[in-house]
Every structure is written in C-alpha cells, then in structure tokens.
Amino acid sequence: MNIAVTFLPRQEWAPLPPIGFIGGGNMASAIIGGLIKRQVPAEAFEVVEPLAQARERLQHDFGIAAQAEAGPALGRCEVLVWAVKPQTFAQAAQAVRGLAPHALNLSVAAGIPSDSIARWLGTERVVRAMPNTPALVGQGMTGLFARPAVKPDERRRVEQVLEATGELLWVDTESALDAVTAVSGSGPAYVFYFIEAMTEAGIALGLSPEQAHRLAVGTFSGASALARDAGEPPAVLRDRVTSKGGTTHAAISSLDSADVKTLFKTAIAAAHRRAAELGDEFGRG
C-alpha cells in the first residue's frame, strides 16, 4: 500500500469560492471556524442543518444563517462538504442531488465509499476525508482520497478548505482510508483512554485529580511534540528514557509482560475491520 504524505506549509491562498456544508455539526464547525479565522466571510457559506440547536450555534458562533433544508442557494457553491452521519448520507444526497451539479464533493462522513457517493450524487468528482476530533482545535490529522476524475487544482482546493484543521495526508487507494480511520480517526480515543488510566493511577498514588490530569495531559502533549520533531523512531526515544533497573524500565517491563503492545495492535485491527463493515453497511442504496 503506497501512501503519499502532504505536510502543508501555512501559506496564502487565492480567495475561496462559496462553499456549501451538508450538515453543520462539530466537524463542519471546525472547518468553518478555521476558514473564518483566515478571513473567509460568513457570506461565503451555505449550510444545511436540520437541527434547530445546531443552526442557532452556527448563527451565534459564526454569523451564519443555516437552512433547515437544501434549496437552490446551494447552486452557487463550487465545493460541497458532506458532514452528515453515515446512516443519513443517502437520504441527504437524494435531497441535494441536482442542486449543485458543478460542485466538487468533499465527504467527511466515516465509512461511506466514494462509489456510493458518486452514485448517489451522479458525479465522479468526489474526495473522501477522514479527519479526527483534534481538528476542532486546529491540531487534526486528516487522511484524504480523491477519485480519478478529481483534477490536481481541485485537490489543492480541498487542501485549502481543510488546511486550518491541521495536517493532511493523501493516500493512493481508498482502502487505505480504513487504516487511516483505525489509526488516526479513532486514535484520539486511544490517547484519551491512556490519559484516563494515567490520571487514575496518579490519584491512586496520592495526587489530586487536578494534579494527576495535568501531569498526564502534559506528558502526552510533550512526548507527541518530541516524537514529531526529533526525527528518530519512537523506539529510540523510548530507549533513551528507559535505564535498565530504573523506574521506566520497571513500567515498560510490566507492560511487556502483559503483552500490552499486542493487545493494542489487536484493538486497532478491530477498528480497521469495523471501518470496512461500516462502508458495506451504510454504502448500500
């Protein structure tokens, strides 16, 4: 499986054309918020969001008057971002199909194959994205796959839309997105899981909940930054803080004796299987 990695520098882009969002929840808000911080005006967005509470939040946070139903206003959009739940995608597509026939379609809906999206919308110009929740604070990791009909300049337009959410990684095959889902899409939950365990351990050792939480979060944040910037494999970085007979050695030996690494790989494999199942489950129709 060949994977091409794109680390985009922060840069100036040409002005964005109008963008439509089908769904106005957390991920749509993360993208919209990042674009507004880059001085894209609220008038550049058309948002369809059936939930009144979510529409009110978009109005309050960004000054965007979202619509409860899809309408002709979507026709001015050159990009449509599909930020709907997988189980509602087919129904939403039926309501939107034909309203923006010339738009490039960018899906952030987990698990829905691009074949299904292309069929439902009647266009081959489809890009699938698998973001993760740190996109909400501009620190996300997003995997991307484009169908062959998507032109290079349209790929760059996708990068322009998503750049403010964090790092981007293009993959060459759509099946690789299931691996992206298992590793980074679900990955924040794994980190939160370990932060939770470290916090509970710290409390058991006599720290206050606030102290234990701060130590756990700060440790993950600092170690992640070091892993990103050091230019060395994680195993090398781990060995440097694991002196034989020391405290870290005792901890790592305990983890190894419980075969935690194998269990963790098994868990990610389970996420990978489920990602493929979701595509089969929700991509019909």
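The values are calculated or read from the model by the stated rules, or taken from the named source; none is laboratory data. None of these values were measured; they are calculated from a predicted model. Here the Cβ positions follow ideal geometry from the backbone for every residue, glycine too, while neighbour counts run over all protein chains shown.
Looking at segment 85-107, which of its residues are more than 16 Å from ARG119 (Cβ to Cβ) and within 14 Å of the chain's Cα centre (by Cα)?
First, the residues of segment 85-107 that are more than 16 Å from ARG119 (Cβ to Cβ): 85, 87-88, 99-100, 102-104, 106.
If the condition is that a residue be more than 16 Å from ARG119 (Cβ to Cβ) and within 14 Å of the chain's Cα centre (by Cα), then LYS85, LEU106 are the ones that fit.
Name the residue that is surrounded by the most Cβ atoms within 10 Å (Cβ to Cβ), counting only residues in segment 195-240 that are acidic (Asp, Glu) and within 24 Å of the chain's Cα centre (by Cα).
Looking at the filtered set, the residue picked out is GLU196.
In this structure, is HIS249 buried (at least 17 other Cβ atoms within 10 Å of the Cβ), outside any strand (DSSP E or B), not basic (Lys, Arg) and not assigned by TED's automatic domain parsing to the domain that holds VAL127? Please lay out each step first, then the result.
Numbers: buried (at least 17 other Cβ atoms within 10 Å of the Cβ): no; outside any strand (DSSP E or B): yes; not basic (Lys, Arg): yes; not assigned by TED's automatic domain parsing to the domain that holds VAL127: yes.
The answer is no for HIS249.
Listed residues GLU232, GLU210, GLU200, GLU281; which is in a loop (DSSP other than H, G, I, E, B) and charged (D, E, K, R)?
Working: GLU210 fails: in a loop (DSSP other than H, G, I, E, B); GLU200 fails: in a loop (DSSP other than H, G, I, E, B); GLU281 fails: in a loop (DSSP other than H, G, I, E, B).
Exactly one of GLU232, GLU210, GLU200, GLU281 is in a loop (DSSP other than H, G, I, E, B) and charged (D, E, K, R), namely GLU232.
Okay, residues lined up against (1) of a type outside the set (A, V, I, L, M); (2) modelled with pLDDT of 95 or more; (3) closer than 16 Å to THR181 by Cβ; (4) touching a Lys or Arg at 6+ places or on another chain (Cβ under 8 Å):
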position	(1), (2), (3), (4)
ALA118	no, yes, no, yes
ARG125	yes, yes, no, yes
LEU136	no, no, no, no
ALA146	no, yes, no, yes
ALA149	no, yes, no, yes
ALA164	no, no, no, yes
LEU168	no, yes, yes, no
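Please determine, by comparing only the residues of segment 142-194 that are polar (S, T, N, Q) and either assigned to a strand (DSSP E or B) or out of contact with any helix residue (DSSP H, G or I) (no Cβ under 7 Å at 6 or more places or on another chain) (or both), which one is surrounded by the most Cβ atoms within 10 Å (Cβ to Cβ). Give the derivation first.
Our first condition is that a residue be polar (S, T, N, Q); within segment 142-194, this holds for 142, 160, 165, 173, 175, 181, 184, 186.
This time we only want the ones that are either assigned to a strand (DSSP E or B) or out of contact with any helix residue (DSSP H, G or I) (no Cβ under 7 Å at 6 or more places or on another chain) (or both), so: 142, 160, 173, 175, 184.
On the way: THR142: 26, GLN160: 20, THR173: 12, SER175: 14, SER184: 20.
The qualifying residue surrounded by the most Cβ atoms within 10 Å (Cβ to Cβ) is THR142.
Within segment 97-108, is even one residue of a type in the set (A, V, I, L, M, F, W, C) and touching a Cys at 6+ places or on another chain (Cβ under 7 Å)?
Our first condition is that a residue be of a type in the set (A, V, I, L, M, F, W, C); within segment 97-108, this holds for 99-100, 103-104, 106, 108.
Still in the list and also touching a Cys at 6+ places or on another chain (Cβ under 7 Å): 100, 103.
Yes, segment 97-108 has at least one match.
Given the criteria assigned by TED's automatic domain parsing to the domain that holds LYS37 and touching an Asp or Glu at 6+ places or on another chain (Cβ under 7 Å), does LEU168 qualify? Break it down stepwise before answering.
Details: assigned by TED's automatic domain parsing to the domain that holds LYS37: yes; touching an Asp or Glu at 6+ places or on another chain (Cβ under 7 Å): yes.
Here the answer is yes, as LEU168 does meet what is asked.
Those residues that are within 12 Å of the chain's Cα centre (by Cα) and among the polar types (S, T, N, Q), I need them from segment 175-194; list them, please.
Restricting attention to segment 175-194, the residues satisfying the condition of being within 12 Å of the chain's Cα centre (by Cα) are 177, 180-188.
Selection gives THR181, SER184, SER186.
I need the helices (runs of 4 or more DSSP H) fully contained in segment 23-116, keeping only those with at least 2 residues that are exposed (fewer than 15 other Cβ atoms within 10 Å of the Cβ) and free of Cβ contacts under 8 Å to residues at least 40 places away in the same chain. I'd like the intermediate steps shown before the answer.
Numbers: elements: 26-37, 52-62, 89-96.
The qualifying helices (runs of 4 or more DSSP H) are 52-62, 89-96.
Here are GLU196, GLU232: which of them is charged (D, E, K, R) and either within 30 Å of LEU278 (Cα to Cα) or assigned by TED's automatic domain parsing to the domain that holds LEU169 (or both)?
Values: GLU232 fails: either within 30 Å of LEU278 (Cα to Cα) or assigned by TED's automatic domain parsing to the domain that holds LEU169 (or both).
Of the residues listed, the single one that is charged (D, E, K, R) and either within 30 Å of LEU278 (Cα to Cα) or assigned by TED's automatic domain parsing to the domain that holds LEU169 (or both) is GLU196.
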